[in-house]
Amino acid sequence: MKQYGAEFFGTFWLVLGGCGSAVLAAGFPGLGIGFVGVSLAFGLTVLTMAFAIGHISGCHLNPAVSVGLWAGGRFPASKLLPYIAAQVLGAIAAAGVLYVIASGAAGFDATKGFASNGYGAHSPGGYSLLAALVTEVVMTAFFLIVILGSTDKRAPAGLAPIAIGLCLTLIHLISIPVTNTSVNPARSTGVALFAGDWAIGQLWLFWLAPIVGALIGAAAYRLISSED
């Protein structure tokens, strides 16, 4: 239960920090942090939590990461569903807190986006479903390669949180204009439930693509890292 609690609180921090920066600070009049700030915020949530709870739960914070670590032989199947449940609940709780905060501003309307992921008319740059699918698969695949590689017993000890946090930052710098960047089904689910309507209708892609990408990334790392 301590591991599941760590995943709950870790994912809560990821969604509150990452999506919170997007909702509250990205476009703040005159002083907005923009895409770069939001990208850095997501990376910092993972970096800080990796140091805080990595020794407790492994700091997955992401159903796709848990699936990828299982596929990579690093995580038992028996813990997969409880981890995913804890991550999704943490994301929903954080989105609820963010909703309460954001709704304190006049004119707030969660249906306008609320940091939700989307494609087509709901992509920040108007990118197609195919573009969104390819982006999420490829970004998540490389995220898993970095996670598996930086936590490999042959990698420099103690530096994995930095590599993983910076990788997530880079992923956001690349893909926010395409999908608002998911690579994390829990993150997508939490805010989509409050945005409703189109965000829920498009949520399937942000479960399917990251999980497929995670499986590809795990397979790729196993291929290149074999000591045989």
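The values are calculated or read from the model by the stated rules, or taken from the named source; none is laboratory data. Everything numeric here is computed off the predicted structure, so don't read it as measured data. Every residue, glycine as well, gets a Cβ built from its backbone with ideal geometry; the counts of neighbours run over all protein chains shown. All accessible areas refer to the heavy atoms of the entire protein, side chains included, with ligands and DNA or RNA removed. Shrake-Rupley method; radii C 1.70, N 1.55, O 1.52, S 1.80 Å.
Numbers for the structure displayed
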{"item": "Check on residue 135, in contact with a helix residue (DSSP H, G or I) (Cβ under 9 Å, 6 or more places away or on another chain), in a helix (DSSP H, G or I), over 21 Å from residue 201 (Cα atoms) and in contact (Cβ under 8 Å) with a residue 24 or more places away in the chain", "result": "no"}
{"item": "Residue satisfying all of: in the range 64-84; aliphatic (A, V, I, L, M) and in contact (Cβ under 8 Å) with a residue 24 or more places away in the chain; farthest from residue 145 (Cα to Cα) among these", "result": "84"}
{"item": "The range 41-57, residues that are within 17 Å of residue 14 (Cα to Cα), open to solvent by 40 Å² or more (accessible area, probe 1.4 Å) and over 13 Å from the mean Cα position of the chain (by Cα)", "result": "48, 51, 52, 56"}
{"item": "Odd one out for residue 198 among (1) touching a His at 6+ places or on another chain (Cβ under 6 Å); (2) closer than 18 Å to residue 97 by Cβ; (3) hydrophobic (A, V, I, L, M, F, W, C)", "result": "(2)"}
{"item": "Residue identified as out of contact with any strand residue (DSSP E or B) (no Cβ under 8 Å at 6 or more places or on another chain) and either modelled with pLDDT of 95 or more or under 21 Å from residue 136 (Cβ atoms) (or both) among 28, 35", "result": "35"}
{"item": "Per-region count, the range 110-125, residues of a type in the set (Ser, Thr, Tyr) and surrounded by fewer than 18 Cβ atoms within 10 Å (Cβ to Cβ)", "result": "1"}
{"item": "Index of the failed condition, residue 11 passing every other in (1) part of a helix (DSSP H, G or I); (2) free of Cβ contacts under 8 Å to residues at least 12 places away in the same chain", "result": "(2)"}
{"item": "Top-ranked residue of the range 58-109 - restricted to ones that are farther than 26 Å from residue 224 by Cα and surrounded by 22 or more Cβ atoms within 10 Å (Cβ to Cβ), ranked as farthest from the chain's Cα centre (by Cα)", "result": "98"}
{"item": "Within the range 140-228, helices (runs of 4 or more DSSP H) holding 3 or more residues that are open to solvent by less than 10 Å² (accessible area, probe 1.4 Å), in contact (Cβ under 8 Å) with a residue 12 or more places away in the chain and of a type outside the set (S, T, N, Q)", "result": "160-179, 185-195, 205-225"}
{"item": "Test: residue in the range 23-37 that is touching a residue at least 40 places away in the same chain (Cβ under 8 Å) and under 12 Å from the mean Cα position of the chain (by Cα)", "result": "no"}
